[in-house]
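Just below is one structure, and these are the notes that go with it.
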Amino acid sequence: MSTQDLATPPATITVAAVDDHPIVLRGLVDMLHGVTDFDLVDTVASIDALLAGPGARARVVLLDLDLGDESNPSENIRRLLSGDRSVVVFSAAAEPPTVRDAMRAGASGFVPKTDDVADLATAIRAAAAGTGWVSPQLAFLLLTDDAPDRPGLSPQETEALRLYATGMPLKTVARKMNLSPETAKQYIDRVRQKYRRVGRDAATKIDLYKRALEDGHLDPDDEGGDRPAP
C-alpha cells in the first residue's frame with residue numbers, strides 16, 4: 001500500500017433520515033455526529049420533504065415505516081429507490097412480516113430502533129456498498145418464522161443457498177460442501193424451483209441473494225465471496 005493510499009480518507013456516505021418524530025430525528029443527529037465517514041445532509045418528516053430538499057442527494061436514506069401522513073411503507077421505499085439511493089429501514093416495528101415486506105419492497109437493511117448506533121452504522125455502510133444487512137437477532141426471527149410463502153428447504157439446500165448467495169462460484173460451493181459441481185447445481189436448482197412454486201422470483205443469482213436475505217439465511221458476518229452482481 002502506498003503512502004498516498006494511507007493518507008486518503010474513506011469516502012463520505014451522504015445520509016438522510018425520514019421520521020415524523022422530532023425527538024427521533026434529534027437522536028439520529030446525535031448518534032451519527034461522531035461517525036467520520038457519514039454526512040447527515042437532511043432530517044425530515046415525509047418523503048415529499050426529502051425529495052424536495054437536500055436529502056434528495058443522499059446515498060442512503062434512513063426510513064421510519066409508520067409516518068404520520070399514513071403513506072404506504074412499501075410505496076415509500078419504492079419512491080426512494082427511484083434515484084441512486086439505498087434505503088435502510090429504522091423502525092420500532094420489527095416483526096418478521098414487517099421486515100420481510102420492507103426487504104421485498106427494496107430496502108437494503110432493517111434496523112430496529114432498540115438497536116445501538118454500531119448496528120445502524122453497519123447497515124448504512126452495507127447499503128452504500130450495495131449489499132444488504134439485518135441484525136443477527138432479526139435474521140434468527142426471519143429464519144424461524146413460518147411464513148406461508150417461505151419454502152421448506154432441506155439442510156443441504158439451505159447450505160448451498162447460503163454459500164452461493166454470498167457470491168461464491170458454484171465450484172467453490174461444491175468444494176466447501178464436499179460435493180461434485182453437478183450435485184451442488186442440483187441443490188441450487190431445487191432451491192430456485194421451491195421459490196418459484198411459492199411465487200417468489202429466484203431466476204438469477206442476485207434474486208437468490210435477496211431471497212436468502214429476506215428469509216434469514218444470510219448471517220451478517222458471512223464471508224466467502226462478494227455479493228453477486230446483477
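The values are calculated or read from the model by the stated rules, or taken from the named source; none is laboratory data. Note that the coordinates shown come from a computational prediction; the quantities given were computed from them, not determined experimentally. Cβ: placed from backbone, ideal geometry, glycine included. Neighbour counts: every protein chain shown.
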For region 129-184, give me each residue that is farther than 28 Å from Lys113 by Cβ, in contact (Cβ under 8 Å) with a residue 40 or more places away in the chain and of a type in the set (Ser, Thr, Tyr).
Thr158, Tyr164, Thr166, Thr172
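Just need a number here: residues in region 130-141 that are within 12 Å of the chain's Cα centre (by Cα) and either part of a helix (DSSP H, G or I) or at pLDDT 90 or above (or both).
As a first pass, look at region 130-141 and keep what is within 12 Å of the chain's Cα centre (by Cα): 130-135, 138-139.
Those still in the list that are either part of a helix (DSSP H, G or I) or at pLDDT 90 or above (or both) too: 138-139.
Here the count works out to 2.
Could you list all residues from region 17-66 that are in a strand (DSSP E or B) and over 22 Å from Met103 (Cβ atoms)?
Taking region 17-66 as the starting set, the residues that turn out to be in a strand (DSSP E or B) are 17-18, 38-44, 60-63.
Residues satisfying the conditions are Phe38, Asp39, Leu40, Val41, Asp42, Thr43, Val44.
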Output for region 135-182, where each listed residue is under 25 Å from Arg197 (Cβ atoms), among the hydroxyl-bearing types (Ser, Thr, Tyr) and in contact with a helix residue (DSSP H, G or I) (Cβ under 7 Å, 6 or more places away or on another chain):
Tyr164
Suppose the filter is assigned to a helix (DSSP H, G or I) and either at pLDDT 90 or above or surrounded by 16 or more Cβ atoms within 10 Å (Cβ to Cβ) (or both); does Leu6 pass it?
no
Filter region 78-113 for residues that are polar (S, T, N, Q) and in contact with a strand residue (DSSP E or B) (Cβ under 8 Å, 6 or more places away or on another chain); the one that is surrounded by the fewest Cβ atoms within 10 Å (Cβ to Cβ) is Thr98
Take Glu75 and decide whether it is in a loop (DSSP other than H, G, I, E, B), acidic (Asp, Glu) and surrounded by fewer than 16 Cβ atoms within 10 Å (Cβ to Cβ).
no
